[in-house]
Amino acid sequence: MFKKALLALPVAMAVGVAGTAAQAEWQDPNDVLQKLLEAQPDSKYLHQSEMNIMMMPDNPALYLLDDGEELFYKERGPNNASLESCDFGKGEGVLEGAYVELPRYFEDTGKVMDFEMRLVHCMKEIQGFTSDDSAVSQRHGSGSDIMRLTTYIAHQSSGYAWNPPLDHPKEQAMRDAGEVLFFRRGGAMDFNCAACHGDSGKQIRASVLPEMRNSQEWTKAVSWPAHRAGQDNVRSQNHRIRGCIWQMRHAGILPDTPVNTALISYWNDAARGEPAILPDLKR
Amino acid sequence: MFNKNTVAAGVAAFASVALAAGCAVADGNKADDVDITAMSAEELAEHLIFETGSWRDQEMQEGGGWRDRMTQDEIQKACSFDSTRNDLDGEVAGRVVALAREQYQAPEGDIELGDWRKGAELADSGYGYRIGHNVDDHGTREAGGNCYNCHVMDSSVSVQGTIGPNLENYGAQRGDSQEIRQYVHQVISNPHQYFPCTQMPRFQGLLTEEQISHIMAYLLDPESPVNNR
């Protein structure tokens, strides 16, 4: 761990000099993408879809922003409350830069929570929704409240560098367990995540796969919510995990569970220092 | 190592203070009742998989439940590292090859090739063994081999994967002797016999012997489009 931290520092500085990265300042998602494309002219992953790059200024995910904002400030649920008192880690109602600093440890629950877990927690605790209400049970699809809220909230962190905190021992523990899970072989076909995301420029059919160690590829890889052109829907980080675990022939992962949180802790950490594209557009 | 231990000690001390101060509020979730900072990363990963209710309760296609699916066998355990980068440790490689040979069941007598047309379909098909929100039903459709996901076998029919080597003209280059057939059967059944900790799945048990014979025909039959590229 210690060795890794030492190595990470000069890398972050070098990247900073190259001029792509780490800012604590909002940037338009298309501007973030353009800078990454310039910084990595040879990345097959980043350059794989000219069509999507062209579409980026008109990313259909942007259409969810207004609805998401309205849902956030509207008094809703059995408690007739807005989400303004929800603390995503930077204080009640503070959304700027909050999304890129998750997962994190929350004192009020005593555990490390990823974004979706935290959002659902607030919708239940503050607004009074229960697991059976469609407002929280529907997790996927551009029409769901969760995806509209996710897109709006995440957008407030666009261009901020990924910076999930590791100060609390539980945050470090979850990140480290996520690393183990990334390399853990299992399931019917012996896959771990690295089987498909360990080498650069590899393809599964027509999809060029992002490599986890290239943090400028990886920041795009983990930049969800993203509109998935092939599915014509905006998707979340949790949806991506579910999809990859399904392809891996592991067991069926459930939402709001800590295996998700650990994997996200690790993969957001792997993009540390690089600006997030929120929302992104993917194939 | 040294630093890790000192950090861990500080962490443990901090955690007990936090607990004593009553910061940690249980949420009705079993995961919260244990001190996750007292575990190694490997222990915590196993804990998260087996003790936190992270999986749907479903019957797997091969039988058993999620727990059976997620329990590692010896080869999976030995290969749970970054095998794409780190040089494979010689001792681990030897052990994995030995385990794979032990698991492998050789067919009796000469190996016959099946029908390459069926093999082409099976090599293309990514159906089978997926579970969770969308369950592959083996009762209505047979499982496939996923070969195109990782190998180019006939680049004229579709876009194919590059995780594994290009297999075009595989048989044309190697011939179709019993020795070659034995080797290919071994690789498809349990590739760790030759490539310890490879990313390629072990298909013995996932595909039937008949399905494997069709796929082998697709690779080795001189008539197969794979060998006429």
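The values are calculated or read from the model by the stated rules, or taken from the named source; none is laboratory data. As the structure is a prediction and not an experimental result, all values here were calculated from the model. FYI the Cβ positions are ideal-geometry reconstructions off the backbone, even for glycines, and counts take in every protein chain you see. Accessible surface is based on the protein model in full, side chains and every heavy atom, while ligands, DNA and RNA are left aside. Shrake-Rupley method; radii C 1.70, N 1.55, O 1.52, S 1.80 Å.
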Per-residue ³J(HN,Hα) for the stretch B:210-227, Karplus 6.51 cos²θ - 1.76 cosθ + 1.60, θ = phi - 60°, Hz, x for Gly and Pro: 5, 4, 4, 5, 5, 5, 5, 4, 4, 7, 10, 4, x, 6, 5, x, 4, 9
Charge dipole (the protein assembly as shown, unit charges on Cβ, about Cα centre) - positive-most of B:Thr37, B:Ser156, A:His121: B:Ser156
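Rounded to the nearest 500 deg cm²/dmol, what is the calculated helix-only ellipticity per residue at 222 nm for the protein assembly as shown, with -39500 (n - 2.57) per DSSP H run of length n ≥ 4? Walk me through the numbers on the way to the answer.
On the way: 22 runs with 216 residues, N = 512.
Result for the protein assembly as shown: -12500 deg cm²/dmol, rounded to the nearest 500.
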Angle between chain A longest axis and helix A:169-183 axis [Cα atoms, degrees, rounded to 10]: 50
On Cα atoms only, tilt of A:64-73 relative to the major axis of chain A in degrees: 40
Amide proton proximity set for A:Asp280, modelled H, under 5 Å, gap of 5+: A:Ala226, A:His227
Protein-protein interface of the stretch B:170-202, residues with accessible area decrease of at least 30 Å², isolated chain reference, 1.4 Å probe: B:Gln199, B:Pro201
Euclidean distance between Cα centres, the stretch A:253-276 to the stretch A:130-193, Å: 5
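Taking a ≥ b ≥ c as the square roots of the Cα gyration tensor eigenvalues, with a/c under 1.5 meaning rounded and otherwise prolate when a/b beats b/c, else oblate, which class fits chain A?
On the way: a/c = 1.35, a/b = 1.27, b/c = 1.06.
Rounded, since a/c falls under 1.5.
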For chain A, Cys with no neighbouring Cys Cβ under 4.7 Å: A:Cys193, A:Cys196, A:Cys244
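If you wrap a convex hull around the Cα atoms of the protein assembly as shown, how much volume per residue is inside, in Å³? List each step's numbers first, then the result.
On the way: hull volume 79.9 nm³, N = 512.
Residue-normalised Cα hull volume stands at 156 Å³.
Return the loop-located trypsin sites (Lys or Arg not before Pro) in the stretch B:115-214 (DSSP other than H, G, I, E, B) with at most 11 other Cβ atoms within 10 Å of their own Cβ; answer none if there are none.
Working: sites: B:Arg117, B:Lys118, B:Arg130, B:Arg141, B:Arg174, B:Arg181, B:Arg202; in loops: B:Arg130, B:Arg141, B:Arg202.
Those satisfying the criteria are B:Arg141.
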GNM flexibility winner over chain A from A:Gln231, A:Gln48, A:Gln172 (Cα, springs under 10 Å): A:Gln231
Peptide ranges B:214-226, A:51-63 listed from the most packed, as the mean C-beta count within 10 angstrom indicates: B:214-226, A:51-63
GNM flexibility winner over chain A from A:Tyr105, A:Tyr73, A:Tyr152 (Cα, springs under 10 Å): A:Tyr73
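Solvent-accessible area per residue for chain A at a 1.4 Å probe radius, Å²?
Per residue, chain A has 38 Å² of solvent-accessible surface.
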Cα centre as origin, Lys/Arg/Asp/Glu Cβ charges: chain A dipole, Debye: 1260
Placed amide H near A:Ala81: partners under 5 Å, 5+ positions off or other chain: A:Arg76
B:Trp55 long-range amide H proximity, modeled H, under 5 Å: A:Leu254
In sequence order, calculated HN-Hα J values of the stretch A:97-112 (Karplus, 6.51, -1.76, 1.60; Hz; x Gly/Pro): x, 6, 4, 7, 10, 10, x, 8, 7, 10, 5, 5, 10, x, 9, 7
Rounded to 10°, Cα long-axis angle of helix A:2-18 versus longest principal axis of chain A: 80
³J(HN,Hα), Karplus 6.51/-1.76/1.60, whole Hz, each residue of the stretch A:35-42, x for Gly, Pro: 5, 5, 4, 5, 5, 10, x, 9
